[in-house]
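So the structure is just underneath, and the comments pick up after that.
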Amino acid sequence: MIVVLLFLLAALIAPSAALAATDELPQRFDGCLAEAAPAAPVARASAGPTVRATVREAAEKELITPEDAERFEAEYERALAARGELPYGRRLELPVVVRALEGFARGGLLTVSRMPVLFEQLKRNTDWWSRSGPPVRPAAPGTRTPCAGGNGTRTDRVVVGEIVYQWYAGQGLQLQQLATAGRANALAKACTEPDPKGFACDRDRLRTALDAIVSLAVERDDFLAWEYYFGFGGGRAPWISGLSQATAMQALVRGHRFLGDPRYLDVARRAFGAFRAKAPRGIRVQAEAGDHFLIYSFNPRLRVLNAFLQALVGLYDYAEAADDDDARAAFVSGERQARVEVPKHDTGAWSLYSTTTGAESDLGYHRLVRDFLRSLCERTKAEPYCGTERRFTGYLYQRPRLSFTGAQQPGTAKFFLSKISCVTLRVSKNGRPVATVSRVLGRGARALGWRPPRAGRYVVRVEAQDLMGRRTAIRTSVRAR
């Protein structure tokens, strides 16, 4: 399923690009980019404590302060009052956030650690939907979207104090942990690895962004995690991602190196446990040669290369900064598995987004996985990362290969396509157009149909335009009897 791509944050590429914020989570699910799957319900008990009872019990046990308890209850009451006054177009958004919070309470998931994060998210939703509709902004003038996606413009995010909230239709504004971590990572990189093409180091803004990451980390059993609080793709909230976890850890160790604040390294150290814990509690699954670190903790079968590579890069950087032998061992196990997986994602003309689905990357993800390969190459000096990175770069400048397959029959054009492209079939007779068909097609043996209106000879022309706009065309003629 192909839709317009949302920008994916690359924490290791140019900071200016990184600030566009990522979108591997949770838009990406299968195909080049999947539309948001129907939300899975929040895990909940059929009957259980209410939000008020949960907050009051925590206060009675002195797990939270009376002031915090009063503030949390006030935010809940304010949301309840606001949801009944919303105009029709916004009436679906705030109530679902309220119901999700109530579901967490009934299911025993509204823990003390999660309370500040979840009530802050509730506050942002109450504030936003009380005064505004969906956060959509027009695309920049002159924005050009390739035929199969890859350069979409983020139109549905709200940033508050360097924390990113994203609107998911019917689920309100939800914390976008990866985008938040990515902003901080880009700011940290600007201070630790200055790029003349990027933006200047901003110490105060970096500290704000790092503190935001720290504030969003919650206790998940015996480690800290950056959780997602809405259902997606069959997964129940709260769930985590190796991509978000690694990007946040990488931002924190970079920030520690620049600012010298030991808090940031300590939070990264406490977050490492996600790489040791098996899914779905953590993000580790055993694979053929070592461990794979998941993009979605709830989906142990989905293998997404760019997410796995960034998880490894972030893990490597944390291990070196913290001088953590356990993290080094985890990296070694994951890197062994990456050596097996990387070649499987090379089609000879483009990259696969996932071997699980067989879908090719769109342009943004192809560039991203190339950049993550480069980062691993720089760190390990090993194959297959260095060679694959060079090949993936080369594929950007190669035209698609296109050839007819077998004898062509009237009504169907059969051809082989080397990589994902926009394919246009044009049929003419005596110089006059008869049929035009355009489709986005992936690599492999393909066919497009047309209907000959009468007997005679027809010229059949097939053109493929890849995601970089490079074109290849072939033509033949057929006789309809």
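How far, in nm, would the chain grow between Lys381 and Val340 when pulled straight, counting 0.36 nm per residue and subtracting the alpha carbon separation?
Length gained, Lys381 through Val340: 13.1 nm.
HN-Hα J couplings of the range 242-256 from phi, Karplus 6.51/-1.76/1.60, θ = phi - 60°, integer Hz, Gly and Pro as x?
These are the phi-based 3J(HN,Hα) values: x, 5, 5, 4, 5, 5, 5, 4, 5, 4, 5, 6, 5, x, 4 Hz.
Hey, what number do you get for the chain at 222 nm if only DSSP H runs of n ≥ 4 count, each worth -39500 (n - 2.57), divided across all residues, to the nearest 500?
On the way: 14 runs with 192 residues, N = 481.
Computed ellipticity for the chain at 222 nm equals -13000 deg cm²/dmol.
Calculate the tail of P(r) for the chain: the fraction of all Cα-Cα distances greater than 41 Å, expressed in %.
So the portion of pairs separated by more than 41 Å is 25 percent.
Using Cα positions and a limit of under 27 Å, work out the lysines in reach of Lys419, with same-chain residues fewer than 8 apart set aside.
Within the straight-line limit of under 27 Å, Lys419 reaches these lysines: Lys344.
Separation of the range 416-456 and the range 209-274 by C-alpha centroid, Å?
Cα centres, the range 416-456 to the range 209-274: 49 Å.
Going by a ≥ b ≥ c, the root eigenvalues of the Cα gyration tensor, does the range 302-380 fall in the rounded group (a/c under 1.5), the prolate group (a/b larger than b/c) or the oblate group?
Numbers: a/c = 2.54, a/b = 1.98, b/c = 1.28.
Because a/c hits 1.5 or more and a/b exceeds b/c, the range 302-380 counts as prolate.
Give me the one-decimal nm value for the distance between modelled label points at Tyr397 and Ala480, 7 Å along each residue's Cα-to-Cβ direction.
4.4 nm
Using the Karplus curve 6.51 cos²θ - 1.76 cosθ + 1.60 with θ = phi - 60°, what ³J(HN,Hα) values do you get for each residue of the range 278-283, in whole Hz, with x for Gly and Pro?
Taking θ as phi minus 60°, the curve returns 6, 5, x, 5, x, 10 Hz for the range 278-283.
Using the basic label-point model (7 angstrom from Cα toward the beta carbon), what is the Arg56 to Gln408 distance in nanometres?
For the pair Arg56/Gln408, the computed spacing is 7.8 nm.
Just the number: Rg to Rh for the range 218-358, Cα atoms, Kirkwood Rh, two decimals.
0.98
By a straight-distance test (C-alpha under 14 Å), which aspartates and glutamates pair with Lys278 as possible cross-link partners, with residues fewer than eight away in the same chain excluded?
Partners within reach: Asp221, Asp222, Asp291.
Could I have the simple spin-label model distance between Asp195 and Val159, label points 7 Å from Cα toward Cβ, reported in nm to one decimal?
Here the answer is 1.5 nm between the modelled labels.
Based on the Cβ-Cβ distance of Thr355 and Asp323, what FRET efficiency does E = 1/(1 + (r/R0)^6) give at R0 = 30 Å, to the nearest 0.05?
Plugging the Cβ-Cβ distance into 1/(1 + (r/R0)^6) gives 0.30.
Where a number appears in this text, it was derived from the coordinates with a stated rule and is not lab data. In this text, all values refer to a predicted model and were calculated from it rather than measured experimentally. In this analysis, Cβ positions are derived from the backbone assuming ideal geometry, glycine residues included, and neighbour counts consider all displayed protein chains.
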